[in-house]
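Novice: This is the structure I have questions about; it appears just below.
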Amino acid sequence: MYSYSKLKGRIVERYGTQANFASKLGISKNSMSKKLTCKTEFSQTDIIRWAELLGIEKGEYEEYFFT
């Protein structure tokens with residue numbers, strides 16, 4: 001199971017709340033919560049889109065999405 005604490009911190013840093021970020025992504029808060037609690041997996045498309053909106057470089061994917 002992955003820990004998304006660094007990813008959650010980046011979301012709050014950039015968007016203030018997870019709800020604001022979910023809105024920007026066009027997904028529900030529930031869908032976002034499921035991804036951040038490992039109940040549903042991130043697709044490659046999700047990772048690319050989230051990283052783009054959060055200013056995460058490709059070389060940083062591992063520390064945000066796979067730790």
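The values are calculated or read from the model by the stated rules, or taken from the named source; none is laboratory data. Predicted, not measured: the structure shown is a model, and the values here were computed from it. Every residue, glycine among them, receives a Cβ derived from its backbone with ideal geometry; neighbour counts consider all protein chains shown. Only protein heavy atoms, including side chains, enter the accessible area calculation; ligands, DNA and RNA are left aside. Shrake-Rupley method; radii C 1.70, N 1.55, O 1.52, S 1.80 Å.
Novice: Over the chain, average the accessible area per residue using a 1.4 Å probe and give it in Å², no decimals. Working shown, then result.
Specialist: Numbers: 4360 Å² over 67 residues.
Using a 1.4 Å probe on heavy atoms only, each residue of the chain averages 65 Å².
Novice: Okay, next question. Within the stretch 25-66, find all residues whose amide N lies under 13 Å from a label point positioned 7 Å from the Cα of V12 along Cα-to-beta-carbon.
Specialist: Correct set: none at all.
Novice: Going Cα to Cα from K24, which aspartates and glutamates come in below 17 Å? Please leave out same-chain ones fewer than 8 positions away.
Specialist: Partners found: E13, D46, E52.
Novice: Return the calculated 222 nm mean residue ellipticity for the chain, to the nearest 500 deg cm²/dmol, obtained by summing -39500 (n - 2.57) across DSSP H runs with n ≥ 4 and dividing by the residue count.
Specialist: Mean residue ellipticity, 222 nm, calculated: -18000 deg cm²/dmol.
Novice: Further question: Quote the Stokes-Einstein diffusion coefficient, in whole µm² s⁻¹, for the chain, based on the Kirkwood radius over alpha carbon pairs, a temperature of 37 °C and a viscosity of 0.692 mPa s. Intermediate results must be reported in sequence, preceding the final value.
Specialist: Values: Rh = 11.8 Å.
In µm²/s, the coefficient is 278.
Novice: Considering only protein heavy atoms and a 1.4 Å probe, what is the carbon-and-sulfur percentage of the accessible area of the chain?
Specialist: Looking at the chain in its full context, I get 47 percent from C and S.
Novice: Report relative contact order for the chain in percent, whole number only (criteria: Cα-Cα under 8 Å, sequence separation at least 6). Don't jump to the answer; show the numbers that get you there.
Specialist: On the way: 42 pairs, mean separation 29.4, N = 67.
Normalised by residue count, the contact order of the chain is 44 percent.
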